[in-house]
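Chemist: The following block contains the structure, expressed as structure tokens.
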Amino acid sequence: MAHQWRGVIREYFDRLPFTESDPIVTLGEGGTPLIEAPALAKLLDVGSVHLKFEGMNPTGSFKDRGMTTAVSKAKGKGAKAVIAASTGNTSAAAAAYAVKAGMTSVVLVPAGKISWGKLSQAVAHKAQILQVRGNFDDCLRLARELSENYPVFLVNSVNPDRLQGQKTASFEVVDVLGEAPDLHAMPLGNAGNISAYHLGYKEELEIGRIKQLPKLFGIQAAGAAPFIQGSPVSKPETIATAIRIGNPASWDLAQEAKRNTDGGFGSVSDKEILWMHRFLSQECGVFVEPSSATGAAGLFKLSQKGELPKANTVVITVTGHGLKDPDWALKDERGRQIKPKRVAAQAASVAEVIGLERNK
Ligand SMILES: *Cc1c(COP(=O)(O)O)cnc(C)c1O
């Protein structure tokens, strides 16, 4: 029988805190492609760029890596319900993995600030969805309080089981490259992901699979950039809803990731994010949600300012799939709606509209 990828817990069993008797709740997450992007390497003026395309996970974002571990652990402890605060992707993942585990799920999302694609996933997987009058930070505070006082299990990235699962992405990068990249960038929101990559790479260094840590770069949206400001932002605002977070839970871990790897934080405007969103689709063939373009946009900005550290190999994690939030792809550079042209059902009229001349 052909080999099928078995999900991150089974694939990295000896690297994760699980025993043979623990239940494993998986949808086959992980094993996502590392896609070479020469157009981006040229743009950034570096040796090579690989995109770690996390949109290829079962629910379309990297959150699945942490949800398999968090929900498996919750099941092992007898949990019947999970709760998550979410900007969208955590709720999609929590809802799907809860179904697989035979549990119910409750998700708290900021009212009106979640994309339709993500909301549809949570609805499809019959989560109890509550729109909180507040932002993500309010949702997380509520979810924490509820999990402390009621029989619901918290599966946000403040749950350390989440980071354990998410660290496997760095293992996969090393599996493919055979070494660590010189530099690894990603969007930075609640800061669970950069902390998880740091954890994973540190473990790879300890067991001698890599010789040095990659410089870790976390890039924020300018309107939600507490790491640039140096303190929480009370009213975060950006079209990149997945990173619209003002008070990151993994603050200290992210600071440590930056310091320990000689990495950096950066921020980019929504305009810069959307420009890179389009570049990734049109020049690299990789369709991501706008938030996911933030890492690449940040490196581009650094390179334009001559501040990008010298790097031969660069990895950029693109965190979620473009179909999550497709509205942005349907707008042109000036924000006008794109509508496919209508044509008559005749080859000659199609050829005319697209400007083709008949073969001689
Ligand atoms: C969650 C998420 C992020 C932010 O990751 P953090 O761990 O919160 O820093 C970025 N992009 C997408 C698509 C996400 O779903």
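The values are calculated or read from the model by the stated rules, or taken from the named source; none is laboratory data. All values derive from a computational prediction rather than experimental measurement. Here Cβ is always computed from backbone atoms with ideal geometry, including for glycine, and neighbour counts include all displayed protein chains. What goes into the accessible areas is simple: the full protein's heavy atoms, side chains included, and nothing from ligands, DNA or RNA. Shrake-Rupley method; radii C 1.70, N 1.55, O 1.52, S 1.80 Å.
Chemist: Name the pairs: first residue in the stretch 317-335 and crowded, with 24+ Cβ neighbours inside 10 Å, second residue assigned to a strand (DSSP E or B) and of a type in the set (Lys, Arg), Cβ to Cβ under 6 Å, at least 6 apart or on different chains?
Modeler: Correct list of pairs: 317/52.
Matching residues to (1) open to solvent by 10 Å² or more (accessible area, probe 1.4 Å); (2) part of a loop (DSSP other than H, G, I, E, B); (3) under 20 Å from residue 290 (Cα atoms); (4) touching a helix residue (DSSP H, G or I) at 6+ places or on another chain (Cβ under 8 Å):
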{"position": "204", "(1), (2), (3), (4)": "no, no, no, yes"}
{"position": "208", "(1), (2), (3), (4)": "yes, yes, no, no"}
{"position": "212", "(1), (2), (3), (4)": "yes, yes, no, yes"}
{"position": "217", "(1), (2), (3), (4)": "yes, no, yes, yes"}
{"position": "234", "(1), (2), (3), (4)": "yes, yes, no, no"}
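Chemist: Within the stretch 272-280, is even one residue surrounded by 22 or more Cβ atoms within 10 Å (Cβ to Cβ) and away from the ligand (no atom under 16 Å from the Cβ)?
Modeler: no
Chemist: Is it the case that some residue within the stretch 252-266 is under 18 Å from the mean Cα position of the chain (by Cα), within 20 Å of residue 88 (Cβ to Cβ) and open to solvent by 20 Å² or more (accessible area, probe 1.4 Å)?
Modeler: No, every residue in the stretch 252-266 fails to be under 18 Å from the mean Cα position of the chain (by Cα), within 20 Å of residue 88 (Cβ to Cβ) and open to solvent by 20 Å² or more (accessible area, probe 1.4 Å).
Chemist: Could you tell me which of the residues 194, 219 is closer than 22 Å to residue 171 by Cβ, within 14 Å of the ligand (Cβ to nearest atom) and under 14 Å from the mean Cα position of the chain (by Cα)?
Modeler: 194
Chemist: I'd like the full set of residues that are without any contact (Cβ under 8 Å) to a residue 60 or more places away in the chain and touching a Pro at 6+ places or on another chain (Cβ under 6 Å), limited to the stretch 212-231.
Modeler: 224, 226 - these are the residues of the stretch 212-231 that are without any contact (Cβ under 8 Å) to a residue 60 or more places away in the chain and touching a Pro at 6+ places or on another chain (Cβ under 6 Å).
Chemist: Does residue 294 satisfy the condition of being out of contact with any His (no Cβ under 6 Å at 6 or more places or on another chain), under 13 Å from residue 275 (Cβ atoms) and buried (at least 24 other Cβ atoms within 10 Å of the Cβ)? I'd like the intermediate steps shown before the answer.
Modeler: On the way: out of contact with any His (no Cβ under 6 Å at 6 or more places or on another chain): yes; under 13 Å from residue 275 (Cβ atoms): yes; buried (at least 24 other Cβ atoms within 10 Å of the Cβ): yes.
Considered against the rule, which asks whether it is out of contact with any His (no Cβ under 6 Å at 6 or more places or on another chain), under 13 Å from residue 275 (Cβ atoms) and buried (at least 24 other Cβ atoms within 10 Å of the Cβ), residue 294 comes out as yes.
Chemist: Please enumerate the residues belonging to the stretch 143-191 that are under 30 Å from residue 106 (Cβ atoms), away from the ligand (no atom under 12 Å from the Cβ) and among the β-branched types (Val, Ile, Thr).
Modeler: Selection gives 152, 155, 168.
Chemist: Can you pull out the residues in the stretch 1-27 that are open to solvent by less than 30 Å² (accessible area, probe 1.4 Å) and part of a loop (DSSP other than H, G, I, E, B)?
Modeler: 7, 12, 16, 18, 25, 26
Yes or no, residue by residue, for (1) away from the ligand (no atom under 16 Å from the Cβ); (2) under 30 Å from residue 14 (Cβ atoms); (3) not in a strand (DSSP E or B):
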| site | (1), (2), (3) |
| --- | --- |
| 39 | yes, no, yes |
| 46 | yes, no, yes |
| 55 | no, yes, yes |
| 65 | no, yes, yes |
| 82 | yes, yes, no |
| 93 | no, yes, yes |
| 119 | no, no, yes |
| 130 | yes, no, no |
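Chemist: Right, next: Which residues, counting only those in the stretch 164-179, are touching a residue at least 12 places away in the same chain (Cβ under 8 Å), assigned to a loop (DSSP other than H, G, I, E, B) and open to solvent by 10 Å² or more (accessible area, probe 1.4 Å)?
Modeler: Hit for the stretch 164-179 is 179, nothing else.
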